[in-house]
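The block underneath contains the structure these notes are about, expressed in structure tokens.
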Amino acid sequence: AQRVTQPEKLLSVFKGAPVELKCNYSYSGSPELFWYVQYSRQRLQLLLRHISRESIKGFTADLNKGETSFHLKKPFAQEEDSAMYYCALLLYNQGGKLIFGQGTELSVKP
Amino acid sequence: GAVVSQHPSRVICKSGTSVKIECRSLDFQATTMFWYRQFPKQSLMLMATSNEGSKATYEQGVEKDKFLINHASLTLSTLTVTSAHPEDSSFYICSARDRGQGNSPLHFGNGTRLTVT
């Protein structure tokens with residue numbers, strides 16, 4: 001069955017520290033994965049998608065098919081990075097719907 | 001950029017009444033829209049896929065008679081919570097994909113906070 005797992009509910013780091021938000025997936029096909037971010041009182045917005053291989057706001061994520069992972073990383077966290085982060089998997093063969101992990105709250109302390 | 005507008009942003013209703021939530025794609029057309037439900041600091045749970053001109057597809061465990069979905073045009077989908085109960089209180093979010101961009105990322109509305117008293 002397809003599934004997205006984010007094992008950490010809360011991740012707390014100090015400003016300037018490296019950050020890694022974990023995401024693992026289960027999918028029989030070729031996965032397309034996304035990271036979405038939700039800042040306080042704002043709508044969910046796309047942070048990055050693996051096929052574009054971009055770096056947005058200093059964040060990167062590499063798809064590791066062997067480990068079925070798509071961890072989100074940033075070398076130096078900023079206070080404004082504090083938000084909820086959701087990993088999502090696109091299900092091509094089910095109308096293109098998106099399923100989400102449980103979310104990780106990132107708290108960056110000064 | 002692509003914008004999805006959701007209305008109302010907040011609604012309070014009494015038990016037994018029905019509430020309609022609208023989701024509009026403002027600058028693109030969407031043959032498919034998705035309705036999610038989110039509990040505080042928890043994940044988004046997909047409720048149903050709204051298909052323009054045809055019936056919605058509901059996820060397992062979601063009551064289709066309780067959560068009525070209508071997708072009457074390429075820019076509008078509505079979710080009606082019928083005979084609402086306090087346990088229906090939640091944050092409902094819609095999303096849409098630009099029909100002209102294949103499997104592009106979803107764009108999300110701002111959500112509707114429903115409180116049933």
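Just so you know, all these numbers are worked out from the coordinates, no wet-lab data involved. Treat the numbers as computed from the prediction; the structure is a model and nothing was measured. Cβ atoms come from the backbone with ideal geometry, glycine included; neighbour counts cover every protein chain shown.
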Point to revise | Cα-centred dipole magnitude for segment B:32-112, charges only on beta-carbon of K, R (+1) and D, E (-1), debye, nearest 20 | key: 160 debye
Point to revise | Ellipsoid semi-axes in whole angstrom, largest first, where each is sqrt(5λ) of the Cα gyration tensor of chain A | key: 24, 14, 12
Revision key, fill the gap. Non-local residues with an amide H under 5 Å from the amide H of A:Leu47, with H modelled 1.01 Å from N and Pro and chain starts lacking one, are A:Trp35, A:Tyr36, A:Val37
Review point. Percent relative contact order of chain A, based on C-alpha pairs within less than 8 angstrom and at least six residues apart?
Key: 38 percent
**Study point:** For segment A:45-52, 3J(HN,Hα) per residue [Karplus equation, 6.51 cos²θ - 1.76 cosθ + 1.60, θ = phi - 60°, Hz, x = Gly/Pro]
**Key:** 9, 5, 9, 6, 10, 5, 6, 8
Study note, to complete from the structure: Residues whose built amide H sits under 5 Å from the amide H of A:Ala77, excluding neighbours closer than 5 in sequence, are A:Gly16, A:Ala17, A:Val19
Practice item. Could you tell me which Cys residues in chain B have no other cysteine's Cβ under 4.7 Å from their own Cβ, answering none if every one has a partner? Key: B:Cys13
Review point. Under a point-charge model restricted to the Cβ atoms of Lys and Arg (+1) and Asp and Glu (-1), what is the dipole moment magnitude of chain A relative to its Cα centre, in debye to the nearest 20?
Key: 160 debye
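Could you work out the relative contact order of chain B, using alpha carbon pairs under 8 angstrom and six or more residues apart, expressed as a whole percent? Mind dumping the intermediate values first?
Values: 301 pairs, mean separation 43.3, N = 117.
Contact order relative to length: 37 percent.
For an R0 of 25 angstrom, estimate the FRET efficiency from the Cβ-Cβ distance between B:Ala2 and A:Ser30 and round to the nearest 0.05. Don't skip to the end; give the middle numbers.
On the way: r = 25 Å, r/R0 = 1.00.
Given R0 = 25 Å and the Cβ-Cβ separation, E is 0.50.
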Check your understanding: Quick one: Karplus J couplings for segment B:77-90, per residue in order, coefficients 6.51, -1.76, 1.60, θ = phi - 60°, nearest Hz, x for Gly and Pro?
Key -> 10, 10, 10, 10, 8, 8, 6, 5, 10, x, 5, 7, 4, 5
Revision key, fill the gap. The answer for B:Ala56, listing residues at least 5 apart or on another chain whose modeled amide H is closer than 5 Å to its amide H, is B:Asn51
Check your understanding: For segment A:80-86, what does the Karplus curve 6.51 cos²θ - 1.76 cosθ + 1.60, with θ = phi - 60°, yield as ³J(HN,Hα) per residue in whole Hz, taken in order and with x for Gly and Pro?
Key -> 6, 7, 4, 4, 8, 10, 10
